[in-house]
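Trainee: First, the structure itself, so that you have it in front of you.
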Amino acid sequence: MIRAGRASLVVSSVETDPDLVSQHLGLSPRTVIRKGEVSRSGRVREHHTWAVDARTFSNDDDDQTGTAALTALLEQCRAAFGRVGTLPADCRARIVWSADSDSAQGGFVLTAAVAALDRRARCRPLRDAVSG
């Protein structure tokens, strides 16, 4: 069974500044890493990273699906629906969704309501993002 879930909208780019991503999407990121910054390991970052995160959600008796974080992220990013696909060409936007399980097996099942939010965001379908 899935115990907790996390979700982020991440935009990476080589040239487009993260401040421009914020303006374009109308969202404030939780994380910004700029091209040229040096990581803790000493590696120089080769691209900008901009991310909005939903908090970690622990499942409760009403939701054992692990989709609470994904649903919250899509709701949080509602203002950007329709704008993600019009980011500059060097930008790559993706949703990262993960969960903690009490076993080493299983997977995710999206409810129709969550899948509908994905379609309204005009993103590449989540099923395609997971498989490709």
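Trainee: When you go through (1) surrounded by fewer than 16 Cβ atoms within 10 Å (Cβ to Cβ); (2) closer than 21 Å to residue 69 by Cα one by one for residue 10, which number turns out not to apply?
Mentor: Condition not satisfied by residue 10: (1).
Trainee: Could I ask something else about it? Looking at 70, 25 in this structure, which one is surrounded by 20 or more Cβ atoms within 10 Å (Cβ to Cβ) and closer than 20 Å to residue 116 by Cβ?
Mentor: 70
Trainee: Kindly evaluate residue 76 against the criterion of being within 16 Å of the chain's Cα centre (by Cα), of a type in the set (S, T, N, Q) and at pLDDT 90 or above.
Mentor: Taking the combined requirement at face value, the residue satisfies it.
Trainee: Same structure, new question: When you scan the range 45-60, do you find a residue that is assigned to a loop (DSSP other than H, G, I, E, B), farther than 27 Å from residue 101 by Cβ and touching a residue at least 24 places away in the same chain (Cβ under 8 Å), even just one?
Mentor: There is at least one residue in the range 45-60 that is assigned to a loop (DSSP other than H, G, I, E, B), farther than 27 Å from residue 101 by Cβ and touching a residue at least 24 places away in the same chain (Cβ under 8 Å).
Trainee: Out of the residues in the range 48-64 meeting the condition of being farther than 16 Å from residue 95 by Cβ and surrounded by 16 or more Cβ atoms within 10 Å (Cβ to Cβ), tell me which one is modelled with the lowest pLDDT.
Mentor: 59
Trainee: Go through the residues of the range 31-38 one by one and say whether even a single one is crowded, with 18+ Cβ neighbours inside 10 Å, out of contact with any Pro (no Cβ under 9 Å at 6 or more places or on another chain) and in a loop (DSSP other than H, G, I, E, B).
Mentor: For the range 31-38, residues crowded, with 18+ Cβ neighbours inside 10 Å, out of contact with any Pro (no Cβ under 9 Å at 6 or more places or on another chain) and in a loop (DSSP other than H, G, I, E, B): absent.
Trainee: I need a count of the residues in the range 86-102 that are surrounded by fewer than 12 Cβ atoms within 10 Å (Cβ to Cβ) and modelled with pLDDT under 90.
Mentor: Number satisfying all stated conditions: 1.
The values are calculated or read from the model by the stated rules, or taken from the named source; none is laboratory data. On a predicted model such as this, the values are computed, not experimentally measured, just so you know. No Cβ is skipped: glycine too gets one built from the backbone with ideal geometry, and neighbour counts run over all protein chains shown.
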